[in-house]
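To keep things clear, I will list the structure first and then write my remarks on it.
The values are calculated or read from the model by the stated rules, or taken from the named source; none is laboratory data. These numbers were taken from a predicted model, which means no experiment stands behind them. Here the Cβ positions follow ideal geometry from the backbone for every residue, glycine too, while neighbour counts run over all protein chains shown. Accessible surface is based on the protein model in full, side chains and every heavy atom, while ligands, DNA and RNA are left aside. Shrake-Rupley method; radii C 1.70, N 1.55, O 1.52, S 1.80 Å.
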Amino acid sequence: MTGAALGAVLVCTGLLWLGGFGVFALACRWSAAEPHRLRDARRIAAWQRLGPWVLTASSLLAVAGAGLLVVG
């Protein structure tokens, strides 16, 4: 696999993760007014606490892939 191909895969993966987490965050925001069971509320809160890490990792993947695309 060439550097450009790996870069394209990393960029697509990073952007896919960013988009997926964005949809999840938007869904959490829309459903915030709805009553949730305690178990569901805890699960949503755990994912929301993980949010900055997911955004950082996916952004780094996209940036690293873009760097490989430029170099390769």
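Do you know which residues across the stretch 34-62 are aliphatic (A, V, I, L, M) and either touching a Leu at 6+ places or on another chain (Cβ under 9 Å) or open to solvent by 100 Å² or more (accessible area, probe 1.4 Å) (or both)?
Of the residues in the stretch 34-62, the ones aliphatic (A, V, I, L, M) are 38, 41, 44-46, 50, 54-55, 57, 60-62.
Scanning the stretch 34-62 gives Leu38, Val54, Leu55, Leu60, Leu61, Ala62.
Give the residue, chosen from Thr2, Thr56, Thr13, that is of a type in the set (Val, Ile, Thr) and modelled with pLDDT under 90. Before you say what the answer is, go through the steps one by one.
On the way: Thr56 fails: modelled with pLDDT under 90; Thr13 fails: modelled with pLDDT under 90.
Criteria check complete, one pass: Thr2.
Just the residues that are out of contact with any Ser or Thr (no Cβ under 8 Å at 6 or more places or on another chain) and either open to solvent by 50 Å² or more (accessible area, probe 1.4 Å) or closer than 23 Å to Thr56 by Cβ (or both), please, taken from the stretch 21-33.
Pass one, the stretch 21-33, residues out of contact with any Ser or Thr (no Cβ under 8 Å at 6 or more places or on another chain): 22-33.
Gly22, Val23, Phe24, Ala25, Leu26, Ala27, Cys28, Arg29, Trp30, Ala32, Ala33 - these are the residues of the stretch 21-33 that are out of contact with any Ser or Thr (no Cβ under 8 Å at 6 or more places or on another chain) and either open to solvent by 50 Å² or more (accessible area, probe 1.4 Å) or closer than 23 Å to Thr56 by Cβ (or both).
Taking interchain pairs and intrachain pairs at least six residues apart, which have beta carbon atoms under 8 angstrom, with the first residue in the stretch 7-24 and within 14 Å of Ala66 (Cβ to Cβ) and the second hydroxyl-bearing (Ser, Thr, Tyr)?
Going by the 8 Å Cβ cut-off, the qualifying pairs are Thr13/Ser58; Gly14/Ser58; Gly14/Ser59; Leu15/Ser58; Leu18/Ser58; Leu18/Ser59.
Go through (1) open to solvent by 50 Å² or more (accessible area, probe 1.4 Å); (2) in contact (Cβ under 8 Å) with a residue 60 or more places away in the chain and name the single condition Gly3 misses.
(1)
Which one is farthest from Leu6 (Cα to Cα) among residues in the stretch 24-72 that are among the basic types (Lys, Arg) and not in a loop (DSSP other than H, G, I, E, B)?
Filtering the stretch 24-72 for residues among the basic types (Lys, Arg) gives 29, 37, 39, 42-43, 49.
Within this subset, residues satisfying the condition of being not in a loop (DSSP other than H, G, I, E, B) are 29, 39, 42-43, 49.
Values: Arg29: 34, Arg39: 40, Arg42: 37, Arg43: 34, Arg49: 30 Å.
Ranking the candidates gives Arg39 first.
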